[in-house]
Amino acid sequence: MPQPHPSQPQRQAEAKRRLRPAPLRFEPGMSDGDPEHFFDLESLDDPRELLARSTELTLAFRAAAQRATEFQAIAAAQLADPRRFDQLSVESIAEQANWTPDYTKKMIEFGRDLIKNDHKGYGPCY
């Protein structure tokens, strides 16, 4: 799980090297109930190609998870904003996101920092 509140220099460094999800070269087919099918990796015979493609997928999923976590933090901060007429409590946000109240507080703080420091691309900020 990513650290919810990185330091300012660390955040700036991360923003510069932010990974973008790797483009999929193909749409994965339906697995037909076969749990062994995963992005057709099992069909690759060359170990170098398998390593390259599976690494590409790993990096893409990590980047997507990190970006999704940032959006969770933004949403939590927006929902907790006291200026909203429909403000939610920490407990309500925690319940919705399946987080502990302590983690929710950290995510709200992280989201507020994201909104304050780099609100471009995160939608409307309150």
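Using a basic spin-label model with each label point 7 Å from the Cα along Cα→Cβ, how many nm lie between THR55 and THR100?
For THR55 paired with THR100, the spin-label model returns 3.6 nm.
Rounded, prolate or oblate: which fits the stretch 35-118, taking a ≥ b ≥ c as square roots of the Cα gyration tensor eigenvalues, rounded meaning a/c under 1.5, else prolate when a/b beats b/c?
Here the stretch 35-118 falls in the prolate category.
Read-outs: derived from the displayed coordinates by stated rules, not from any lab. Everything numeric here is computed off the predicted structure, so don't read it as measured data. FYI the Cβ positions are ideal-geometry reconstructions off the backbone, even for glycines, and counts take in every protein chain you see.
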